[in-house]
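To start, the structure under review is shown below, and the notes come after it.
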């Protein structure tokens, strides 16, 4: 008890009693202190008055002298050196935040203490050196803060392995009501999907959202003109909110969500186990419902759920009933085959852009591609990895016309020209060891030069002589042999007979086998 230091109020009572001449025993009994403690302060008071007899009646001045003496007694040799060299320590601390290096520099300047002494001193005076902060109070529905926080490893049933997990937190700044979700990654699609889920959970949208400077939200962090992620910017237009990102390196600007992440780690996570991500989110939802929303918040001294339903919910912006389709942007290069690659699938682009980079925007239902002037140049339906989506009109006209003349095209055009042309094309494509597609294409093209009537006549002559070649048909047309008759072809003298009185073939066969069953 003799070593216990009195606070200044009790010490003042002791000093006043000593100046009044009360006995030590009486003072000790009144103040509930030991007689040795009273004697200690009597000795100090006597020394002060001997050196300054004119302040005997000036209690504030006497207490000021006591404070100085106690301060000198309290400080060790090392602590006293720190106090006497505070300006030097502050200057060196600004230049170097590595305390191991700092202690070496202090030793060079005469400090003889240990590394631990430096840590104790810095810990004690760290808060006094920090700039004061201004606590911002917001209106209902005006601000929300969002962030991710790492929560360890959770079993992923999709990948059948343990996976890193993060908790997404959106905190409404007025009510402190929050939305929580545990996810597998922090990419743009997950970031935006968590926002969609949060808005639907809250039933509305805050006017301003304060995120950190992660790439899923802010592509380029800056003091004056930060650059938002395109997907996140599209979401702001769809739901009608604005982004107000923190300044680089200032997480304290979103202190409410920082506290929210810590609250999950310290209150929800301890002593819990999860079978997978679905189980983790189910437990998190129950915890939010039964614990987080109904607790008395340390700052507002109200339940977040009460403040939300009473003041904040009706102040949120109306939720767009059409769910946001999350886009993913990339800037792929157009290859020589006039295709870009997006998520391991391939999509054709107009041939004029080959060798250039374009802006591609992918949603679950559409791939839209833009040039550097943000003009739409191609639209595709997404295909699975490894597949191609090709539009023939993206090729140059000559190559497009060539590419569309496949086997099916040749057969359909030959059928329209005539059955002899069809027989020639079918022979070229299907009845040889080699599929003569180019020959078939050129035969069809000759219809434009010589006309389909002459082409059909030339093919008839080719069929008659068994010459199923492009060269043979070309020769017939060039020498106008298609206009000549056949040397041994005879005009058929058989007239078309009327089948009205013809007998059924089945009757004839039955009669040959069993005789005439209908005779008398």
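Region 362-470 holds helices (runs of 4 or more DSSP H) entirely within its bounds, and those carrying 3 or more residues that are over 18 Å from residue 348 (Cα atoms) map to 407-417, 419-430, 437-450, 452-465.
Considering region 337-383, and only residues there that are over 16 Å from residue 230 (Cα atoms) and in contact with a helix residue (DSSP H, G or I) (Cβ under 8 Å, 6 or more places away or on another chain), the residue that is surrounded by the most Cβ atoms within 10 Å (Cβ to Cβ) turns out to be 349.
Could you say whether any residue in region 223-231 is within 20 Å of the chain's Cα centre (by Cα), more than 20 Å from residue 283 (Cα to Cα), outside the structural domain of residue 362 (by TED's automatic domain parsing) and assigned to a helix (DSSP H, G or I)? Don't jump to the end; show me each part of the working.
Of the residues in region 223-231, the ones within 20 Å of the chain's Cα centre (by Cα) are 226-231.
If we keep only those that are more than 20 Å from residue 283 (Cα to Cα) as well, we get 226-231.
Applying the additional criterion that residues be outside the structural domain of residue 362 (by TED's automatic domain parsing) yields 226-231.
Retained after the next criterion (residues that are assigned to a helix (DSSP H, G or I)): 230-231.
Checked against the condition, which is being within 20 Å of the chain's Cα centre (by Cα), more than 20 Å from residue 283 (Cα to Cα), outside the structural domain of residue 362 (by TED's automatic domain parsing) and assigned to a helix (DSSP H, G or I), region 223-231 yields at least one hit.
Residues are listed down the side, and each one gets a yes or a no for (1) buried (at least 20 other Cβ atoms within 10 Å of the Cβ); (2) over 21 Å from residue 274 (Cα atoms); (3) in contact with a strand residue (DSSP E or B) (Cβ under 7 Å, 6 or more places away or on another chain):
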site: 160; (1), (2), (3): no, no, no
site: 167; (1), (2), (3): yes, no, yes
site: 170; (1), (2), (3): yes, yes, yes
site: 193; (1), (2), (3): no, yes, no
site: 215; (1), (2), (3): no, yes, no
site: 227; (1), (2), (3): no, yes, yes
site: 250; (1), (2), (3): no, yes, no
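Name the single residue, out of those in region 312-327 being crowded, with 18+ Cβ neighbours inside 10 Å and in contact with a strand residue (DSSP E or B) (Cβ under 7 Å, 6 or more places away or on another chain), that is nearest to residue 386 (Cα to Cα). Let's see the steps before the verdict.
To start, the set of residues in region 312-327 that are crowded, with 18+ Cβ neighbours inside 10 Å comprises 312, 316, 324, 326-327.
With the extra rule that they be in contact with a strand residue (DSSP E or B) (Cβ under 7 Å, 6 or more places away or on another chain), the set shrinks to 312, 316, 327.
Numbers: 312: 49, 316: 44, 327: 21 Å.
Checked region 312-327; the qualifying residue nearest to residue 386 (Cα to Cα) is 327.
Out of all the residues in region 220-243, which are out of contact with any helix residue (DSSP H, G or I) (no Cβ under 8 Å at 6 or more places or on another chain) and free of Cβ contacts under 8 Å to residues at least 60 places away in the same chain? Correct list: 220, 221, 222, 223, 224, 225, 226, 227, 233, 236, 237.
Restrict the check to region 267-276 and report whether at least one residue is farther than 18 Å from residue 143 by Cβ, out of contact with any strand residue (DSSP E or B) (no Cβ under 9 Å at 6 or more places or on another chain) and in contact (Cβ under 8 Å) with a residue 40 or more places away in the chain.
To start, the set of residues in region 267-276 that are farther than 18 Å from residue 143 by Cβ comprises 267-276.
Applying the additional criterion that residues be out of contact with any strand residue (DSSP E or B) (no Cβ under 9 Å at 6 or more places or on another chain) yields 267, 270-273.
From the residues that got through so far, the ones that are in contact (Cβ under 8 Å) with a residue 40 or more places away in the chain too are none.
Within region 267-276 (the criterion being farther than 18 Å from residue 143 by Cβ, out of contact with any strand residue (DSSP E or B) (no Cβ under 9 Å at 6 or more places or on another chain) and in contact (Cβ under 8 Å) with a residue 40 or more places away in the chain), the answer is no, since none of the residues qualifies.
Determine whether residue 87 is over 15 Å from residue 8 (Cβ atoms), outside the structural domain of residue 119 (by TED's automatic domain parsing) and either in contact (Cβ under 8 Å) with a residue 24 or more places away in the chain or loosely packed, with under 12 Cβ neighbours inside 10 Å (or both). The answer is no for residue 87.
Just to be sure before I move on: is residue 209 modelled with pLDDT of 95 or more, more than 14 Å from residue 327 (Cα to Cα) and not in a helix (DSSP H, G or I) in the structure I sent?
Working: modelled with pLDDT of 95 or more: yes; more than 14 Å from residue 327 (Cα to Cα): yes; not in a helix (DSSP H, G or I): yes.
Spelling it out, residue 209 is indeed modelled with pLDDT of 95 or more, more than 14 Å from residue 327 (Cα to Cα) and not in a helix (DSSP H, G or I).
Please work out if residue 169 is touching a helix residue (DSSP H, G or I) at 6+ places or on another chain (Cβ under 7 Å), modelled with pLDDT of 95 or more and closer than 30 Å to residue 368 by Cβ. Against the criterion (touching a helix residue (DSSP H, G or I) at 6+ places or on another chain (Cβ under 7 Å), modelled with pLDDT of 95 or more and closer than 30 Å to residue 368 by Cβ), residue 169 does not qualify. Out of the residues in region 298-310 meeting the condition of being crowded, with 18+ Cβ neighbours inside 10 Å and touching a residue at least 24 places away in the same chain (Cβ under 8 Å), tell me which one is farthest from the chain's Cα centre (by Cα). Only one residue fits best here, namely 307.
Within region 46-60, being surrounded by 13 or more Cβ atoms within 10 Å (Cβ to Cβ) and farther than 12 Å from residue 15 by Cα holds for 52, 55. As an exercise: evaluate residue 201 against (1) over 18 Å from the mean Cα position of the chain (by Cα); (2) part of a loop (DSSP other than H, G, I, E, B) and give the number of the one condition it does not meet. Failed condition: (2).
The values are calculated or read from the model by the stated rules, or taken from the named source; none is laboratory data. Quick caveat: nothing in here was measured; it's all calculated off a predicted structure. All Cβ positions, glycine included, derive from the backbone under ideal geometry; neighbour counts span all protein chains shown.
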